[in-house]
Amino acid sequence: MTHSSKPVALVTGAGQGIGRGIALQLAQDGFAILVNDVVADPADATKGAYEVKKTIEAAGGEAEVFKADVASAPDRAAMLDFVEERFGRLDLLVNNAGVAPRERRDILEATEESFERLMSINLQGPYFLTQLVANKMIAWKKAGRIETGRIVFITSISAYTSSTGRGEYCVSKAGLAMAATLYADRLAEFDIPVIQIAPGIIETPMTSAVKGKYDKMIAEGLLPTKRWGQPEDIAKAVSAFAQGYLDYSTGAVIEVGGGFGLKRL
Ligand SMILES: NC(=O)c1ccc[n+]([C@@H]2O[C@H](COP(=O)([O-])OP(=O)(O)OC[C@H]3O[C@@H](n4cnc5c(N)ncnc54)[C@H](O)[C@@H]3O)[C@@H](O)[C@H]2O)c1
C-alpha cells in the first residue's frame, strides 16, 4: 500500500457547498484530501464528491472519496480504517458535514424527529468522529507519523444567534461549539490545536431555499460587509489554521460572517 507523503485532510460533507470549497483550497495548499460525503456516486463525476475528487486531480492534487454518514458509528469506524490503510496518517480533520431542518418550524411546533435528526448529524456525529480521530492523532504523533494534528469544527453564527423557526439547528450548533471547546481543552497537552469557525450567511445549496429572504436582509443592511459569504471565505480561514498560523489560538471562535457579530449603534 502506497501511503501519501503529503499531509492528509479529512473534510466531512465535502461533496458540495462549504465543504467542497474547503477541500479544493486545502488541496491547493498541498494536502491530500479525503472527500467524505453521505451522498457519493462513482458513476457521476459531474457533481458531488466525485466531482470534487476529479477537480482536485485535474489540478495535480491527490484525493479519495469515502462515502459515509457521520451520524453512523460503523461508518465513522470504517472511514478511519480507510484512512489508516490508504494514507497511514491524518493531519487535519474538518468537521463540516451538517444539515438544516427539512422544514423550518416554529419552536412551539417543531418535532422531536427533526430535533433527533439534527442532533445526531450535527452534534453526535462530529463529537464521536473527533474522539476517534483525536486518539489516532495522539498515537500517530507519538509514533512520528505526523508532526501535529489539527481539528476544526464548522459551527455557525446560529450557535449564539436565536432563530425561532429552526431552534433545533441552533441548539445543535451551540452543542457543537462546546464540543470544540472541550476538545481544545483536552487536546492542548498533546499540542493538537482545535478551533471553531462560525460561518455567517454563506451561498450554498443549503441556503438556496432561503435566498430571497437573505438577499433582502443583506440589501437592507443586516451585514456590515454587504454581500453573501462564499465557500471560499470559509476555506481561507480553514487554510490559515491548516498551515499552522493559528496554533496558539486553540479554543478560538473565528466568525466568518461579514461582520455579522459586530455590535453597532
Ligand atoms: N450555508 C450557510 O449559510 C452556513 C452557515 C453556517 C454554518 N453552516 C454549516 O456549514 C456546513 C456546510 O454547510 P453547507 O451550506 O455547505 O451545506 P450543504 O447542504 O450545501 O452541504 C452539506 C454537505 O454535507 C453532506 N452531508 C449531510 N449530511 C451528512 C452526513 N450525515 N454525513 C456526511 N455528509 C453529510 C451533504 O450531502 C452535503 O454534500 C454545515 O455544517 C452547516 O451547518 C452553513
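The values are calculated or read from the model by the stated rules, or taken from the named source; none is laboratory data. Computed from a predicted model, the values in this text were never measured in an experiment. Glycine gets a Cβ as well: all are built from the backbone with ideal geometry, and neighbour counts include every protein chain shown. These area figures cover heavy atoms from the full protein model, side chains too; ligands, DNA and RNA do not enter into them. Shrake-Rupley method; radii C 1.70, N 1.55, O 1.52, S 1.80 Å.
Structural remarks
- Counted residues, region 105-155 - those being in contact with a Ser or Thr (Cβ under 9 Å, 6 or more places away or on another chain), outside any helix (DSSP H, G or I) and without any contact (Cβ under 8 Å) to a residue 60 or more places away in the chain: 4
- Any hit, region 52-63, residues being touching a Leu at 6+ places or on another chain (Cβ under 9 Å), crowded, with 18+ Cβ neighbours inside 10 Å and of a type outside the set (V, I, T): yes
- Identity of the residue in region 67-81, in contact (Cβ under 8 Å) with a residue 24 or more places away in the chain and open to solvent by 40 Å² or more (accessible area, probe 1.4 Å), that ends up nearest to the ligand (Cβ to nearest atom): D69
- So K263, is it more than 30 Å from F115 (Cα to Cα) and either of a type in the set (A, V, I, L, M) or free of Cβ contacts under 8 Å to residues at least 24 places away in the same chain (or both): yes
- The residue that is nearest to the chain's Cα centre (by Cα), counting only those in region 202-214 that are modelled with pLDDT of 95 or more and surrounded by fewer than 13 Cβ atoms within 10 Å (Cβ to Cβ), is P205.
- Number of the condition not met by T225 [criteria: (1) modelled with pLDDT of 95 or more; (2) in a helix (DSSP H, G or I); (3) open to solvent by 10 Å² or more (accessible area, probe 1.4 Å); (4) of a type outside the set (F, W, Y)]: (2)
- R150 under 15 Å from the mean Cα position of the chain (by Cα), at pLDDT 95 or above, open to solvent by 30 Å² or more (accessible area, probe 1.4 Å) and not β-branched (V, I, T): yes
- For region 170-193, the set of residues classified as among the hydrophobic types (A, V, I, L, M, F, W, C), away from the ligand (no atom under 16 Å from the Cβ) and in contact (Cβ under 8 Å) with a residue 12 or more places away in the chain consists of A184, L187, A188, F190, I192, listed by residue number.
- Hits in region 10-29 - residues which are in a helix (DSSP H, G or I), open to solvent by 30 Å² or more (accessible area, probe 1.4 Å) and more than 11 Å from the ligand (Cβ to nearest atom): L24, Q25, Q28
- Residues considered: S158, S208. Of these, the only one that is within 27 Å of G258 (Cβ to Cβ), within 11 Å of the ligand (Cβ to nearest atom), in a helix (DSSP H, G or I) and touching a residue at least 12 places away in the same chain (Cβ under 8 Å) is S158.
- A32 vs. criteria over 26 Å from A134 (Cβ atoms), touching a residue at least 40 places away in the same chain (Cβ under 8 Å) and away from the ligand (no atom under 13 Å from the Cβ): no
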